[in-house]
């Protein structure tokens, strides 16, 4: 049985969540996403998504379930055959992403809508009702199940309580209330949780079993990973998050403010080269509005000038930023900043770094943070939230 997930945000988290939950209840699973190819919970390869998908098509998957992350590019070029999925999920669409592939927003929406063609005849599509583009995504499409905080959604989300360690979340669906104690936090993640729950139920998993297995999911790599950095006279919280769009950066910083009220926040971020340009000043604006200190650095410049990317970001800044184009040095500077919480945004678990014709591996934010802490003789401890420790 195959589930396919697309959308501007949340694809990798939803695929990871579904794969985790199916494994937790004893099913055999395989999954492909931007993190690589998984057999069960074991990552077998870190290849690019297209290469992973080519491998996926070439081999027989002897698993009960297969979970596929479908980018707009994969959908646009027709790489995923029509009529193969038992369940499809569309987490929503936002402007300003992948303009290098889809110059017009209507082309981006059209590519995402191709997810409906992936369905087997008569199968449902699970669609987020909260996004601004919901009507464009849902128009003329049959067999849609909606989810969101928006009243009237088929599955309506209610958050009863949120701490820095867990949240009590309720889903109301067809007169039934389902309670989940979530280890992943923030409004965007509760939407991901709802999408995953609906997908599991559509795949034949009993409601309470789906809810129980989702309650043990503590996050995908590079998505709101938290660390403590300690020296003899101070302790800082460092958060690594993949937030690489204006809205995702705003959502992550808003969550940080909720979890760490009164704490000063330093954000370190950049934007990828040869990618959407229009989002750069918008990210500069969000970072400077919601952070006390902002350090603008490299993300993955590829063939573009790092200085040009920084200049594009600074156009939207509403206050002065520190500029340090060397990302490792930027992380080092952040640890000296007058703040208690540091957000390293934009790369998540991404390990590759390209500039000009040179490509470097093992350059994830976690690797760079570990290196900086060793150089500074700082103690680095991962915030380890195991199920039950709430």
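Some notes on this structure:
- Counting beta carbons within 10 Å around each of 65, 383, 269 and listing the fewest first gives the order 383, 65, 269.
- Extension gain, residue 338 to residue 277, is 18.9 nm, computed as 0.36 nm per intervening residue step minus the present C-alpha separation.
- Max mean-square fluctuation residue, GNM over the chain, Cα-Cα springs under 10 Å, options 189, 274, 361: 361
- Helix 187-202 vs. the chain, principal-axis angle (Cα, 0 to 90°, nearest 10): 20
- Likely footprinting exposure, 134, 224, fewest C-beta neighbours within 10 Å first: 134, 224
- Every helix of 4 or more DSSP H residues in the chain counts as -39500 (n - 2.57), and over all residues that averages to -9500 deg cm²/dmol at 222 nm.
- GNM result for the chain, Cα springs below 10 Å: residue of 226, 363, 308 fluctuating most strongly: 308
- Share, in percent, of DSSP beta bridges within the chain that are antiparallel, nearest 5: 45
- Three-way shape label, the range 225-382, alpha-carbon gyration tensor, a/c 1.5: oblate
- For the chain, the longest principal axis of the C-alpha atoms and the axis of helix 11-24 are separated by about 60°.
- Annotation: the residues 13, 146, sorted from fewest to most other C-beta atoms within 10 Å of their own C-beta, follow the order 146, 13.
- Choice from 159, 109, 127 with maximal GNM fluctuation in the chain (Cα, 10 Å cutoff): 159
- Against the chain, whose longest principal axis comes from its Cα atoms, helix 279-290 is set at around 70 degrees.
- Pairs of Cα atoms nearer than 8 Å and 6+ residues apart set the relative contact order; for the chain it is 14 percent.
- Rounded to the nearest 5, the antiparallel percentage of DSSP beta bridges internal to the range 2-214 is 50%.
Every number here is computed from the coordinates shown, using simple stated rules; none is lab data. Since this is a predicted model, take the numbers as computed values, not measurements. Positions of Cβ are backbone-derived with ideal geometry, glycine not excepted, and every protein chain shown enters the neighbour counts.
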